[in-house]
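The values are calculated or read from the model by the stated rules, or taken from the named source; none is laboratory data. Being a predicted model, the structure only gives us computed values, none of them experimental. Cβ coordinates were reconstructed from backbone atoms using ideal geometry, including for glycine residues, and neighbour counts include every protein chain displayed. To get the accessible areas, we keep the full protein, side chains included, count just its heavy atoms, and leave off ligands, DNA and RNA. Shrake-Rupley method; radii C 1.70, N 1.55, O 1.52, S 1.80 Å.
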Amino acid sequence: MDAGAVYLDYAATSAVRPEPVIDAVADYLRGIGATPGRAGHRRAVEAGRIVFRCRRALAALFNAPGDPGRLTFHLNATHALNVAILGLLRPGDRVVRTAYDHNAVRRPVRALAGRGVHETVLAGQTDGSIALDEAERALLGARLLVIPHATNVLGTALPVAELAARAHAAGALVLVDAAQSAGHLPIDVQAMGIDLLAFTGHKGLLGPQGTGGLWVRDGIDLPPVFMGGTGGDSDAPDMPALFPDRLEAGSQNGPGIAGLLAGVEWLAERGIAAVHAREIELKLRLWDALDLIPGVSLLSPPAEDGVGIVTMNLAGVDAADLARRLDRDFGVLVRAGLHCSPEQHDAIGTGAIGAVRFSVGWATTEVEVDRAAAAVARIASAEPQAPRAGS
């Protein structure tokens, strides 16, 4: 990547990664190269050790109790969410989800709606909140509640523990989409009442693309969605009953998991709370600077308990064009559009036009944040027809 560019798209991917992550991937490819669980020789055994260490490190990060094998690896949060949703729900079941959901939740649930699964969607608000009374009513008779821990357009954090308590009181399981929160916000599956946690490796956890996972609480029987080789029980016609093999068909991404392990260890050394505090400091600096620019409409609230996302539009400038000009003229890299979350944009009134999302990460600096805000100000000053937002 251009060394002079300002990367503010961490909500999509941590394209800037700590050196230990890069080294871990390279070292795996140079010194191991074998597939975990696919032989008994020293390289395969060492690959398996790295996978186990990563399971254990992630389980510790999420305070997941018991067997680390309840944490299974998948390509990303999308695959993990599909494994959970498609595995749990059957015709006649009802699932409650939110308007803040990513298409990784919305689309598999919609597909199941055509097969007899009933869907209830909790309304979204412009401030990123959820009406707890509405949720409590909707959960009566539900099989599953699916919620994002942090929203990917507004950057707000949902009250997972409060929603989980209501879900459990109604007899429903709780699946949390931690794609935007893992590595950015502290996660304690026990204290928060989470039954299943889906996460990706390539965002806040600082790992490579093609990594992610699903933690499933002990006692939940989750049938496999993908089936195939597991490296053991090869004579059995069915998938093994025991985790993690039950949900891990096919060869694993050894180099990616090695990089993910390095990312998790890097985060654990610094502390998620410290990383979050730094990112929120930068987020608020950017939010305040953008708020002073004529024509800017800030769509995301400051949300100090959320994640480092600031979403906005500029009067008179199409969102996609603004992102293009920021990149071309100022070297500021952001993401425009609907962010795979159209219902969330509908809730804030941008379903027809989209918006521009800035997202800070572990390597963001004050200089980069100031440069991004100055770039928006320069573009805004070239739009004489743009009034002050809200005037």
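Before moving on, here are some points about what is shown:
- Lone unmet requirement of (1) assigned to a loop (DSSP other than H, G, I, E, B); (2) touching a Gly at 6+ places or on another chain (Cβ under 6 Å); (3) farther than 22 Å from His345 by Cα for Ala161: (1)
- Search result, residues across the range 279-288 that are aliphatic (A, V, I, L, M) and either open to solvent by 30 Å² or more (accessible area, probe 1.4 Å) or not in a helix (DSSP H, G or I) (or both): Leu284
- Scan of the range 335-352 for residues that are part of a loop (DSSP other than H, G, I, E, B) and either over 26 Å from Ala5 (Cβ atoms) or out of contact with any helix residue (DSSP H, G or I) (no Cβ under 6 Å at 6 or more places or on another chain) (or both), ordered by number: His339, Ser341, Ile348, Gly349, Thr350, Gly351, Ala352
- Among residues of the range 102-124 that are on the phi > 0 side of the Ramachandran plot, those with a beta-carbon under 8 Å from a residue that is among the small types (Gly, Ala, Ser) and surrounded by fewer than 22 Cβ atoms within 10 Å (Cβ to Cβ) at least six positions away or on a different chain give the pairs Gly116/Gly92.
- Just so you know, in the range 348-362 the residues that are open to solvent by 30 Å² or more (accessible area, probe 1.4 Å) and in contact (Cβ under 8 Å) with a residue 24 or more places away in the chain include one that is farthest from Met312 (Cα to Cα), and it is Trp362.
- Looking only at residues in the range 206-242 that are touching a Pro at 6+ places or on another chain (Cβ under 7 Å) and of a type in the set (A, V, I, L, M, F, W, C), the one that is surrounded by the fewest Cβ atoms within 10 Å (Cβ to Cβ) is Met239.
- Residue within the range 326-341 that is surrounded by fewer than 23 Cβ atoms within 10 Å (Cβ to Cβ), touching a Pro at 6+ places or on another chain (Cβ under 7 Å), farther than 15 Å from Thr151 by Cβ and of a type in the set (Gly, Ala, Ser) present: no
- Subset of the range 11-25 [open to solvent by 30 Å² or more (accessible area, probe 1.4 Å), part of a helix (DSSP H, G or I) and closer than 30 Å to Pro148 by Cα]: Glu19, Pro20, Ile22, Val25
- Strands (runs of 3 or more DSSP E) fully within the range 39-157 counting 3 or more residues that are under 28 Å from Gln209 (Cα atoms), open to solvent by 10 Å² or more (accessible area, probe 1.4 Å) and out of contact with any Cys (no Cβ under 9 Å at 6 or more places or on another chain): none
- Any hit, the range 26-38, residues being surrounded by 20 or more Cβ atoms within 10 Å (Cβ to Cβ) and either aromatic (Phe, Trp, Tyr) or part of a helix (DSSP H, G or I) (or both): yes
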